[in-house]
Amino acid sequence: MDNAIIEFLSQYIELTQEEKEVITSQNVMQFFPKGTMLLSAGDYARECYFILKGCVYSYYLMDGEVKVTDFYTEKQPITPISYTTKKPSEYYLECYEDCIIALGNQERNADLMKNLPRLATIGGSVMEDQLANQRMKYDDFVKLSPEERYQNLQENSPELLNRVPQYLIASYLGVKPESLSRIRKRLTK
């Protein structure tokens, strides 16, 4: 499991064996059962997350309806906006599956940067990649039709279609479940 974090960081920098050991020793891994709320609207995020196993989704509750904004699976970091802004969260983070997650907080992250100053150099790159991915998802949501968004999901994250129920996929795509059924039927013809 620790290798997932090492693999993720190795995309940005070549790590020595000593650095890998320091990173592994700093990680606090925790099991969260399905349904666990990692963050609720109105709460302050005190931790950031790295998914080692499982699936987490983010959503807003609007007029009692769940509006899914993202899914996070293995080898993906989650840095809640509230963690950065120090303002209450406007959305929820919930474990859709049983999850094993590496937790980070400001104190541990600062200690890690102190022990491994080379990691500080990749912080900007990681954040840039996260922002770019979020921007591309937003742009796709705005410019693509629901059918094109579904096809994009099929191409880029096909495993989600088997892991997550259709009503959550429909919410993520911005359509009703019935509309998603019609899209899927059209595409299978």
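The values are calculated or read from the model by the stated rules, or taken from the named source; none is laboratory data. Everything numeric here is computed off the predicted structure, so don't read it as measured data. No Cβ is skipped: glycine too gets one built from the backbone with ideal geometry, and neighbour counts run over all protein chains shown. To get the accessible areas, we keep the full protein, side chains included, count just its heavy atoms, and leave off ligands, DNA and RNA. Shrake-Rupley method; radii C 1.70, N 1.55, O 1.52, S 1.80 Å.
In the list K20, K75, which residue meets the criterion of being within 12 Å of the chain's Cα centre (by Cα) and either under 19 Å from I122 (Cα atoms) or free of Cβ contacts under 8 Å to residues at least 12 places away in the same chain (or both)?
Only one candidate qualifies: K75.
Being without any contact (Cβ under 8 Å) to a residue 24 or more places away in the chain and open to solvent by less than 60 Å² (accessible area, probe 1.4 Å) is the filter; apply it to region 146-166 and report the residue that is nearest to S181 (Cα to Cα).
Q166
Please find, among E90, E94, the residue that is within 21 Å of N133 (Cα to Cα), open to solvent by 70 Å² or more (accessible area, probe 1.4 Å) and either in contact (Cβ under 8 Å) with a residue 40 or more places away in the chain or not in a helix (DSSP H, G or I) (or both).
E90
Any residue at all in region 66-88 that's touching a Gly at 6+ places or on another chain (Cβ under 7 Å) and closer than 24 Å to Q106 by Cβ?
Yes, region 66-88 contains at least one residue that is touching a Gly at 6+ places or on another chain (Cβ under 7 Å) and closer than 24 Å to Q106 by Cβ.
With the structure loaded, tell me whether L160 is touching a strand residue (DSSP E or B) at 6+ places or on another chain (Cβ under 9 Å) and not polar (S, T, N, Q) or whether it fails that test.
Against the criterion (touching a strand residue (DSSP E or B) at 6+ places or on another chain (Cβ under 9 Å) and not polar (S, T, N, Q)), L160 qualifies.
Out of region 1-53, which residues are open to solvent by less than 50 Å² (accessible area, probe 1.4 Å) and small (G, A, S)?
Passing the criteria: A4, G35, S40, A41, G42, A45.
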